[in-house]
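Written out below as structure tokens is the structure these notes cover.
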Amino acid sequence: MSTHGSYSMRSKASFENEGKATVKESGGGGSGGKNGKTMSSNSKENLFICFLVTLWYSSNIGVILLNKYLLSNYGFKFPIFLTMCHMSACAVFSYISIVFFKVVPQQMIKSRSQFMKIATLSLVFCASVVGGNISLRYLAVSFNQAVGATTPFFTAVFAYLATLKREAWVTYAALVPVVAGVVIASGGEPGFHLFGFVMCLSATAARAFKSVLQGLLLSSEGEKLNSMNLLLYMSPIAILVLLPAALIMEPNVVDVTLTLTKDHKSMWLLLFLNSTTAYAANLTNFLVTKHTSALTLQVLGNAKGAVAVVISILLFRNPVTIVGMGGYTITVMGVAAYGETKRRFR
């Protein structure tokens with residue numbers, strides 16, 4: 001793939017040079033110069049998209065691996081407090097990027113009704129993130145990603161229950177391997193943990209429910225928010241919910257964190273890096289969505305999960321079986337088929 005990509009880059013550059021040479025020889029040829037500028041612009045755009053995708057992969061995979069390392073390998077067993085750190089970073093960095101750097105225009109909350117809808121979304125969002133982080137304490141990243149790949153199944157179920165609108169039968173048929181793959185992967189998972197599995201499944205369902213709920217609650221033109229502005233307003237609400245929850249459900253979090261900081265000088269750096277990466281995952285997801293097509297995003301998303309699985313296995317050395325990997329492969333293929341049928345039969 002990289003060889004083909006570099007070949008394309010070289011051919012574009014040589015084409016541009018040939019266009020410039022033709023202009024010089026003819027003594028005019030304004031259109032040739034424009035073609036050269038167009039090719040150069042396309043090359044820069046492609047490089048920029050590649051850079052964004054690299055950042056998107058790095059931040060998404062990085063936050064999962066850092067979560068796993070902190071919660072399972074480092075002794076920091078406080079998923080609610082960790083999620084609060086993520087939301088704090090998202091609140092601060094969202095404000096800076098929108099208000100000061102103008103990454104996107106700031107959209108204001110226009111009514112109490114809109115605020116209540118955002119607060120509801122924030123609660124569901126908290127549940128999905130906390131559930132996912134809790135599951136990482138008990139499950140390998142590879143199996144966590146396999147279960148997380150079933151999001152389209154829950155999205156289809158919630159969308160039907162909420163709107164009673166049916167998709168084409170082919171679309172529903174594509175969901176069969178999505179579920180079947182996870183069932184197979186569960187049977188072949190050496191480190192299967194029931195509570196971790198339930199939390200991961202709940203987090204996946206909550207993530208799907210949030211996307212459906214967002215489409216319903218913020219459907220009018222006056223209330224629609226882009227994902228970055230939505231994150232700006234959801235994050236502070238999430239902090240207000242997560243802070244008392246962490247103090248009540250994780251009462252020794254402060255003492256343990258201070259103790260870990262004394263034993264490991266890099267503790268605060270890890271927490272800061274982890275929280276910053278969580279925001280970067282949201283930002284790059286927004287930018288990649290903005291600069292690519294829905295189909296490209298779907299393909300990249302499926303590949304991202306597979307890359308995360310491979311890297312986690314190499315880093316954490318968690319045992320995997322052929323049955324487990326086969327189940328995950330079936331799930332990813334089902335997700336790809338579901339996305340394709342949605343695109344064709346919309």
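The values are calculated or read from the model by the stated rules, or taken from the named source; none is laboratory data. Keep in mind the model is a prediction, meaning the values are calculated, not measured. Note that each Cβ is placed from the backbone with ideal geometry, even for glycine, and that neighbours are counted across all protein chains shown. Ligands, DNA and RNA are excluded from the accessible area calculation, which covers all protein heavy atoms including side chains. Shrake-Rupley method; radii C 1.70, N 1.55, O 1.52, S 1.80 Å.
Brief remarks follow.
- Theoretical gain in end-to-end length, VAL183 to VAL256 [0.36 nm per residue, Cα-Cα removed]: 22.6 nm
- Seen from SER135, the other residues with C-beta closer than 14 Å to its C-beta sum to a net charge of +3, counting Lys and Arg as +1 and Asp and Glu as -1.
- Measuring only protein heavy atoms, the 1.4 Å probe finds ARG343 accessible over about 100 Å².
- Maximal additional length on extending the ILE313-TYR74 stretch stands at 84.3 nm, based on 0.36 nm per residue less the C-alpha distance.
- Within region 214-285, the trypsin sites (Lys or Arg not before Pro) that combine a DSSP coil assignment with at most 16 other C-beta atoms in a 10 angstrom radius are LYS224, LYS265.
- Protein-only accessible surface order, largest first, of VAL212, VAL254, VAL157 at 1.4 Å: VAL254, VAL157, VAL212
- Calculated FRET efficiency, VAL299 to LEU216, Cβ-Cβ distance, R0 = 22 Å: about 0.20 to the nearest 0.05.
- Dipole in debye (nearest 20) - region 75-345, about Cα centre, beta carbon charges: Lys, Arg +1; Asp, Glu -1: 480
- Calculated FRET efficiency, TRP268 to TYR160, Cβ-Cβ distance, R0 = 56 Å: about 0.75 to the nearest 0.05.
- Positive dipole terminus of the chain, leading residue within LEU230, ILE313, THR277 (C-beta point charges): LEU230
- Each residue was assigned an accessible area with a 1.4 Å probe, and for ARG137 the value is about 80 Å².
- If the chain linking LEU247 and ALA306 were pulled fully straight, counting 0.36 nm for each residue of separation and taking away their Cα-Cα distance, it would gain 17.7 nm.
- Proportion of all alpha-carbon pairs of the chain beyond 36 Å (%): 29
- Distance from region 258-286 to region 78-120 (C-alpha centre basis), Å: 18
- Cross-link table LYS165/LYS210; LYS77/LYS265; LYS68/LYS290, entries beyond 23 Å C-alpha to C-alpha: LYS68/LYS290
- Projected label distance in nm at LYS102 and MET333, using a 7 Å step from Cα toward the beta-carbon: 5.0
- Taking the helices alone, the chain has a mean residue ellipticity at 222 nm of -28000 deg cm²/dmol, built from -39,500 (n - 2.57) per DSSP H run of at least 4 residues and averaged over all its residues.
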